[in-house]
1. Which of the listed residues, PRO408, GLY398, ILE384, is farthest toward the dipole's positive end in segment 342-438, when Lys, Arg count +1 and Asp, Glu count -1 at the beta-carbon?
2. Just flag the GluC sites (Glu not before Pro) in segment 157-252 sitting in loop per DSSP whose Cβ has no more than 13 other Cβ atoms within 10 Å.
3. For segment 349-428, which trypsin sites (Lys or Arg not before Pro) are in a loop by DSSP, counting at most 10 other Cβ atoms within 10 Å?
4. Assuming a viscosity of 1.002 mPa s and a temperature of 20 °C, what translational diffusion coefficient in µm² per second does Stokes-Einstein assign to segment 305-362, Rh being the Kirkwood radius over Cα pairs?
5. Please list the three semi-axes, largest first and in whole Å, of the ellipsoid equivalent to segment 255-359, using sqrt of 5 times the eigenvalues of its alpha carbon gyration tensor.
6. Please state the relative contact order of segment 186-278 as a whole percent: Cα pairs under 8 Å, 6+ residues apart?
7. Given the peptides 176-185, 123-132, 209-218, arrange them by the average over their residues of other C-beta atoms within 10 Å, most packed first.
8. Between the alpha-carbon centers of segment 263-335 and segment 395-438, tell me the distance in whole angstrom.
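The values are calculated or read from the model by the stated rules, or taken from the named source; none is laboratory data. Not measured: the values here are computed from a predicted model. Counting neighbours? That spans all protein chains shown, and the Cβs are built from the backbone with ideal geometry, glycine included. Keep in mind that these areas ignore ligands, DNA and RNA; they rest on the heavy atoms of the full protein, side chains included. Shrake-Rupley method; radii C 1.70, N 1.55, O 1.52, S 1.80 Å.
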Amino acid sequence: MNIKVLTFLFFFSVVSYLLYPYTNSNLDAITDLETEKEPPTKSKQCDPDIAPFYIYDLPDRFNLGLLNNCSYIDRWKDMCSYFANQGMGQPFTKPNWYNTYQFTADMLFYARAVNHPCRTYNSSSALMFYIPFYASLYTHVFSHEINLTRRDALGVDLLEHISKQPNFRRHGGHDHFLPVGLMAWDFLRNPEEKDGKNSHGNKFLTLPQLSNVSIPIIERDIYIGKNQFGIPYPSYFHPKSKAEIRIWQNEVRRSKRTHLFSFVGGGRQKGHGSEKFRTAVINQCNNTENCILVFCKYWIVTWDAADEILGAMKRAHFCLQPPGDTWTRRSIFDSILAGCVPVFFSENTAYKQYTWYIPERREDWSVLIGPDQLDRIEEVLSQIQQEEVERMREAVIGMIPHVTYMHPNASWTEIGPRDVVDTALVELTKRMRARIQA
């Protein structure tokens with residue numbers, strides 16, 4: 001071979017060897033800029049009923065950054081501890097039980113989804129797109145802002161940011177979802193409202209960019225919320241395994257039910273939409289030995305009394321669930337956790353809200369008290385045969401896994417039944433696939 005060619009090949013080999021680490025490093029850097037690296041292989045495969053979903057990497061001001069303002073949420077109480085541990089709150093002495101605030105569903109949803117086996121880090125392989133906005137924190141933090149433009153600004157900024165993304169523009173948001181941990185009415189202020197002192201909430205859910213986005217939310221607007229889907233309020237239990245769930249189910253199954261019914265809650269002022277329900281419930285509970293009443297003053301932060309609340313529910317066959325400030329209440333899911341059959345006074349409290357999570361036949365797991373029965377609650381409940389009560393209670397106990405937010409650190413191989421997040425993802429997948437087929 002020509003000596004010049006051999007010399008060239010020798011020097012080329014030496015230079016390539018010396019430069020390889022730097023060129024390889026630069027290529028890695030470029031790749032990192034283009035796509036997020038896949039995490040280590042997960043131990044559990046994706047549920048075939050859940051489509052691959054992509055989570056947007058939003059600027060911190062839309063989620064975690066809002067935690068910096070937690071001390072300003074309530075004027076009378078420091079709320080920061082309730083948002084600790086990814087939204088679970090402060091731990092109790094019993095493992096995986098937490099003092100969970102009722103309005104952290106969006107935080108808990110994200111904590112469960114971020115390590116989900118069906119999450120994809122490649123947006124081109126995703127069928128669904130998750131917008132991880134802490135909507136409940138946003139509303140809490142800015143609720144006292146009198147200037148309505150400033151009150152609405154963060155939500156407006158978020159949707160301007162998302163609507164510019166190619167994945168959003170491709171289908172106009174039809175394949176996107178955004179979980180919300182507050183009631184819909186907190187986000188439906190009339191856009192024409194000008195009075196910041198006397199107006200409630202923000203206009204987030206009225207913004208046109210969300211018209212096609214699916215909104216899993218703890219209370220949907222049953223009249224206009226066509227793209228809103230009810231998800232459970234968080235309760236205190238965040239198990240890490242199916243064994244923990246089974247142990248708790250057996251505990252509530254064995255619980256001594258010493259009273260016919262119970263009520264945990266307070267009254268409502270005269271003229272309030274729920275006044276007649278609350279007054280009737282409290283009066284009848286006070287006038288019988290068959291009821292356990294845990295009376296909560298209107299302004300008290302009642303979720304702090306977990307032992308008293310769940311203790312009362314575990315000793316009762318039925319748990320009364322009259323409307324409160326709105327149609328729904330967290331107590332529904334506390335009562336399910338305690339194996340106590342919920343008693344409703346309106347179809348709007350659960351049947352028109354949580355269709356993803358409740359049995360199709362309402363009589364299988366609950367009781368509905370009609371307007372003509374409001375003044376004789378005890379009589380109606382006492383007429384239900386014991387065998388029927390036991391059958392209903394077993395159905396309620398069976399619902400516990402599906403209305404529970406599992407612990408964010410739960411092992412995916414140990415989870416067992418689908419929890420709140422898995423169930424929502426299954427239903428969202430059905431919705432997205434149906435749209436694609438259409």
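1. Going by the Cα projections, it comes out as PRO408.
2. Sparse-neighbourhood loop GluC sites (Glu not before Pro): GLU192, GLU193.
3. Hits after loop and neighbour filter: ARG361.
4. In µm²/s, the coefficient is 182.
5. Semi-axes (√(5λ), whole Å): 19, 18, 13.
6. The normalised contact order for segment 186-278 reaches 14 percent.
7. 176-185, 209-218, 123-132
8. Measuring centre to centre over Cα atoms gives 29 Å.
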